[in-house]
Amino acid sequence: MKQSLVLITVDCLRADHVGFLGYSRPVTPFLDGLANESSIFTNAIVVGAPTYFSFPGIMASRYPLSLGRDVLGIAPSESTLATTLHQAGYQTAAFLAGNPYLSARFGYHEGFDQFRDFLEGIPRESPTWALTHSRFAQLNQRIEKFSRRFPWSSRAYDEWYFRYCQRIAARQNLTVDQLRQYPSADIIVDQARSWLSSIGDQPFFLWLHLMDPHAPYYPPHEALAAIGNKQMTARRMRWLNSFWNRSDIGPRRLQRCREEIISLYDAGIYWVDKQISRLVRSLQHFQRWSDTIFVVSADHGEEFLEHGACFHRPENLPEQLLRVPLLLRSPDAAASKINTPISLLHLAPTLLELLDLEIPASFQGRSRWSEIARGHLAPEPVISECGDGGTNPFRVNDRMLPRLLAVRDQQYKLLLRFKDKTEAMYDLEHDLGEQLPLPPNALKQQRIRLLQTARDHVQRARQKRDWDLALLARLRELSYSVRAKSIAPPSD
Amino acid sequence: MVPTRTITLPEPLCAQAEKWMAGRFDSLESLITFLLQEIARHDSAKLDEAEEQIVEQRLRELGYI
């Protein structure tokens, strides 16, 4: 009988916030137990961050900028894990918790019999009447304009405006469920269970993408209580999320609420863990667990001011963003713990080999299964990249940014910032927090080796580009450009 | 003034396109110009090439090349 595959990706899940990779807070009791019968990877590295730079690697085994940096997502007719399994006769379904970059617009529906991205009906915070009412808005704009003349008045205005918005918002008295912007993991798992009950004993591929640890952080009270935070109210959560999102204040002030924010983030992880345990119980109930390969990973991590930033903006590629959990449970394989860095570029081909399927020629990664089965990976440099500092990748022009490239091996990491032609090299063995860049000419041989890898990577992207796929992706984009043009006001 | 070029297209296709684009584009020329601009304007290869040269320059500084 063919084996089936479950792939769970958790948005923003850092490697150092799961118990089986050493986190001290008990947020992943179920996965910690499952790790005892799985291969776990202490240095699994994403091909890019955030989501839109990471998923081409996970789904299509491709570096994110290799089709050209104007191309976002999966190109039409590009081979992916899903299309390969679909062609092999698998039943396929994806339930994705409302991440706009994992949608049909960016090609992620390809290969799925059932695809639900939960983008419909996601509540978005909208400005209240008082903040948008024209007379108030005009007065506010005048006050703001005046306040921007001096730094002290600008700071005072920002403070006043933040407090005013909070007071208005507090009057709404919303519950956590009303404040949450993404469907929580229990909703996604419910859909998956229902689908699993409908497919009989056919081989299947199920992909779930969970958003619970993604900002704004609104975990269920049950999850907060389970990790020892029973007191937090919805009102406090709202204030914390708004404060954490302030761009007008520096890290020193944000630091004051860092621990509370991390507590919310961790509660989201706890909720994910709990819902994954429900899914596994369902697989056992349907007698599918013994023939299912089960994978849990993430698209990128999250920053909590370690380098002065919050969230996961593509402005830096620190370990907090690049290193993610990877747990691979195969019914036939022994448990192992692998410390050698491995790129998620290799995940899809590895899974296809495990399922005894042919690996598409377009995949840039290769299967590492035989090495994993032996419990030892041959070391090789791992590459991650993104467009440096983009703010709105929905606009094609905002994607044409200089590359930010990270190349790392077991010990050293080289970060190349093409925007200003600078580089920084870190010794991760002695400086995992990347606080102390090595002097520019130190460790010349190691630096040259990493630079050679960077050069080969950039060269390959240019010389081996699949222009057919790139063109198809541009044509898809064009349909959105024409649509946008058709609704734009006529120009003079 | 940008030099122009005349191309030949099937008449039924032009008529169909003009019917579809009503209100969206001033003329068939502006529609086709828009489409070709959108397809051709982003040249990532140039950025890749410039970045490759930056890495090579650094390798040169370190005495590798």
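Does A:P127 satisfy being modelled with pLDDT under 95, away from chain B (no Cβ under 14 Å) and open to solvent by 30 Å² or more (accessible area, probe 1.4 Å)?
Here the answer is yes, as A:P127 does meet what is asked.
Which condition does A:G228 not pass, out of (1) surrounded by fewer than 23 Cβ atoms within 10 Å (Cβ to Cβ); (2) part of a helix (DSSP H, G or I); (3) not aliphatic (A, V, I, L, M), if it passes all the others?
(2)
Are there any pairs with C-beta distances below 6 angstrom linking a residue in the range B:25-54 that is basic (K, R) to a residue that is open to solvent by 50 Å² or more (accessible area, probe 1.4 Å), with the two at least 6 apart or on different chains, and if so which?
From residues that are basic (K, R), there are no pairs.
Restricting to the range A:344-357, name every residue that is open to solvent by less than 60 Å² (accessible area, probe 1.4 Å) and not β-branched (V, I, T). Steps first, please.
The initial filter retains those residues of the range A:344-357 that are open to solvent by less than 60 Å² (accessible area, probe 1.4 Å), namely A:344-352, A:354-355, A:357.
If the condition is that a residue be open to solvent by less than 60 Å² (accessible area, probe 1.4 Å) and not β-branched (V, I, T), then A:L344, A:L345, A:H346, A:L347, A:A348, A:P349, A:L351, A:L352, A:L354, A:L355, A:L357 are the ones that fit.
Return a yes/no flag: does the range A:456-477 have any residue that is closer than 21 Å to A:P314 by Cα and modelled with pLDDT of 95 or more. Break it down stepwise before answering.
From the range A:456-477, those closer than 21 Å to A:P314 by Cα are A:457-458, A:461; that's our starting set.
From the residues that got through so far, the ones that are modelled with pLDDT of 95 or more too are A:457-458.
Yes, the range A:456-477 contains at least one residue that is closer than 21 Å to A:P314 by Cα and modelled with pLDDT of 95 or more.
Would you confirm whether or not the range B:15-26 contains a residue that is open to solvent by 50 Å² or more (accessible area, probe 1.4 Å) and under 14 Å from A:L478 (Cβ atoms)?
Yes.
Can you tell me which residue within the range B:30-65, out of those that are basic (K, R) and more than 7 Å from chain A (Cβ to nearest Cβ), is nearest to B:A17 (Cα to Cα)?
Filtering first and then ranking leaves B:R41.
If we scan the range A:176-186, do we find a residue that is on the phi < 0 side of the Ramachandran plot and touching a strand residue (DSSP E or B) at 6+ places or on another chain (Cβ under 6 Å)? Don't jump to the end; show me each part of the working.
Quick first cut of the range A:176-186, residues on the phi < 0 side of the Ramachandran plot only: A:176-186.
Those still in the list that are touching a strand residue (DSSP E or B) at 6+ places or on another chain (Cβ under 6 Å) too: A:185.
So far as the range A:176-186 goes, yes, one or more of its residues are on the phi < 0 side of the Ramachandran plot and touching a strand residue (DSSP E or B) at 6+ places or on another chain (Cβ under 6 Å).
Only residues in the range A:182-197 that are modelled with pLDDT of 95 or more count as the first member; pair them with residues that are open to solvent by 40 Å² or more (accessible area, probe 1.4 Å), Cβ under 6 angstrom, at least 6 apart or cross-chain, and list the lot.
A:V189/A:R278; A:L196/A:F286
Tell me yes or no: at least one residue of the range A:31-51 is under 27 Å from A:Q191 (Cα atoms), hydroxyl-bearing (S, T, Y) and open to solvent by 10 Å² or more (accessible area, probe 1.4 Å).
No, every residue in the range A:31-51 fails to be under 27 Å from A:Q191 (Cα atoms), hydroxyl-bearing (S, T, Y) and open to solvent by 10 Å² or more (accessible area, probe 1.4 Å).
For the range A:320-341, give me each residue that is open to solvent by less than 10 Å² (accessible area, probe 1.4 Å) and either modelled with pLDDT under 95 or within 24 Å of A:L416 (Cβ to Cβ) (or both).
Residues satisfying the conditions are A:L321, A:L322, A:V324, A:P341.
The rows are residues; the columns are (1) modelled with pLDDT of 95 or more; (2) surrounded by fewer than 20 Cβ atoms within 10 Å (Cβ to Cβ).
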position: A:P379; (1), (2): yes, yes
position: A:V382; (1), (2): yes, no
position: A:T391; (1), (2): no, yes
position: A:D398; (1), (2): no, yes
position: A:Q411; (1), (2): yes, yes
position: A:K419; (1), (2): yes, yes
position: A:E429; (1), (2): yes, yes
position: A:L432; (1), (2): no, yes
position: A:L436; (1), (2): yes, yes
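Test of understanding: among A:D201, A:D248, which residue is among the acidic types (D, E), more than 30 Å from A:T84 (Cα to Cα) and part of a loop (DSSP other than H, G, I, E, B)?
Among A:D201, A:D248, only A:D248 is among the acidic types (D, E), more than 30 Å from A:T84 (Cα to Cα) and part of a loop (DSSP other than H, G, I, E, B).
Which of the residues that make up the range A:339-372 are on the phi < 0 side of the Ramachandran plot and among the acidic types (D, E)? Write out each step before concluding.
In the first step, residues of the range A:339-372 are kept if they are on the phi < 0 side of the Ramachandran plot; the result is A:339-355, A:357-372.
Across the range A:339-372, the qualifying residues are A:E353, A:E358, A:E371.
Identify, please: which residue in the range B:28-42 is farther than 16 Å from B:R5 by Cα and loosely packed, with under 13 Cβ neighbours inside 10 Å and is, among those, modelled with the lowest pLDDT?
The extreme case among them is B:R41.
Conditions tested, residue by residue: (1) open to solvent by 30 Å² or more (accessible area, probe 1.4 Å); (2) touching a Lys or Arg at 6+ places or on another chain (Cβ under 9 Å); (3) farther than 22 Å from A:M1 by Cα.
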residue	(1), (2), (3)
A:V280	no, no, no
A:V295	no, yes, no
A:E306	yes, no, yes
A:A309	no, no, yes
A:I359	yes, yes, no
A:R366	yes, no, yes
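As an exercise: evaluate A:I342 against (1) without any contact (Cβ under 8 Å) to a residue 60 or more places away in the chain; (2) out of contact with any helix residue (DSSP H, G or I) (no Cβ under 7 Å at 6 or more places or on another chain) and give the number of the one condition it does not meet.
(1)
The values are calculated or read from the model by the stated rules, or taken from the named source; none is laboratory data. Not measured: the values here are computed from a predicted model. Note that each Cβ is placed from the backbone with ideal geometry, even for glycine, and that neighbours are counted across all protein chains shown. When the accessible area is computed, the model is the full protein with side chains, heavy atoms only, and any ligands, DNA or RNA have been set aside. Shrake-Rupley method; radii C 1.70, N 1.55, O 1.52, S 1.80 Å.
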